[in-house]
Amino acid sequence: MATDRTAVSAARGEVPEAFDEVAHRYDLMVALNPGYHAHLRHSARDLVAGLPQGQTCRILDLGCGSGASTRALVDELDRSGVRAEVLGVDGSAGMLTQSRRKPWPGWVRFELGRAEALEQVCGDAGFEAPDAVFAAYLLRNVTDRDGLLRSLYDLMASGGTVVIQEYSVAGRPVSQAVWTAVCQGVVVPLGWLTSRQTRLYQYLWRSVMDMDSVEDIVQRMVDAGFEEVWTRSVRGWQRGIIHTFHGRRPA
């Protein structure tokens, strides 16, 4: 049986520490999730498709975790032939340790930092005015979502692209039921088997149930100033649960 500490859900402010607890087994956990890496590649492809050819683009991978989203970006950049510098940023030191242990090209690096202090993190890293931002499974973990989107808008270069991948089931009873069944019947038990911790995965379930609707996320992006905002859902059983959001800062 899990202890009281591992049985409860993490609070939003404890998310980096909860990721630290499972970092050493997190890659195994996501490998057991059908479609996880394919969904990241599809979203990364959307981002890379909007990048200019013939110049070195700066891409911020915000909430990079153990590097799965970074790998998706690198693979798509290699496939498309677009030159880039990639900065992965995450608030969990444990997850960044896992990222840095993997082989990367010389134009990829990682920095520890919270999304709420994005301007300082990028300034300290010498990574101002990125041409694109990729944020996978981050937005729901931030309390001030409008503030984050505004800071992304202010940080990005003119004409820059933002691609957000996120869970949302609000207003979709079938999606809510499927998500609850999968989390409580599969995700949480697997979390316990792989890491002897469950509070991150209980938080995952609750944070998705509490997340904004797709329509609200789109409106937040528009209110932050982004144009060409569109969204689509993934295929398979997670259709209506995982969504990609695209926006552009006006040139």
### Task
State yes or no: is Ala49 crowded, with 16+ Cβ neighbours inside 10 Å and out of contact with any Pro (no Cβ under 9 Å at 6 or more places or on another chain)?
no
### Query
What do you reckon, is Val188 surrounded by fewer than 17 Cβ atoms within 10 Å (Cβ to Cβ), more than 26 Å from Gly147 (Cα to Cα) and either touching a Pro at 6+ places or on another chain (Cβ under 6 Å) or without any contact (Cβ under 8 Å) to a residue 60 or more places away in the chain (or both)?
no
### Matching entry among Val186, Val169 (being under 17 Å from the mean Cα position of the chain (by Cα), within 26 Å of Arg41 (Cβ to Cβ) and among the β-branched types (Val, Ile, Thr))
Val169
### Task
Would you tally the residues in region 1-37 being at pLDDT 90 or above and part of a loop (DSSP other than H, G, I, E, B)?
1
### Summary
For region 144-165, pairs from a residue that is farther than 17 Å from Thr244 by Cα to a residue that is of a type outside the set (A, V, I, L, M) and assigned to a helix (DSSP H, G or I), with Cβ under 7 Å and 6 or more apart or across chains, are Asp146/Arg220; Asp146/Asp223; Ser151/Glu119; Leu155/Glu119; Leu155/Cys122
### Task
Only residues in region 87-116 that are closer than 17 Å to Ala68 by Cβ count as the first member; pair them with residues that are of a type in the set (Phe, Trp, Tyr) and assigned to a helix (DSSP H, G or I), Cβ under 9 angstrom, at least 6 apart or cross-chain, and list the lot.
Asp90/Phe19; Gly91/Phe19; Ser92/Phe19; Gly94/Phe19; Gly94/Tyr26; Met95/Phe19; Met95/Tyr26; Gln98/Tyr26
### Task
Within region 82-95, count every residue that is farther than 15 Å from Ala136 by Cβ and crowded, with 16+ Cβ neighbours inside 10 Å.
4
### Residue in region 221-251 that is modelled with the lowest pLDDT, counting only those that are among the basic types (Lys, Arg) and more than 15 Å from Ala135 (Cα to Cα)
Arg235
### Query
Quick check: is even one residue across region 207-225 in contact with a His (Cβ under 6 Å, 6 or more places away or on another chain) and hydroxyl-bearing (Ser, Thr, Tyr)?
no
### Task
Would you point out which residue out of Arg199, Arg239, Arg172 is crowded, with 17+ Cβ neighbours inside 10 Å and among the basic types (Lys, Arg)?
Arg199
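The values are calculated or read from the model by the stated rules, or taken from the named source; none is laboratory data. This structure is a prediction, so every number in the text was calculated from the model and none was measured. Here Cβ is always computed from backbone atoms with ideal geometry, including for glycine, and neighbour counts include all displayed protein chains.
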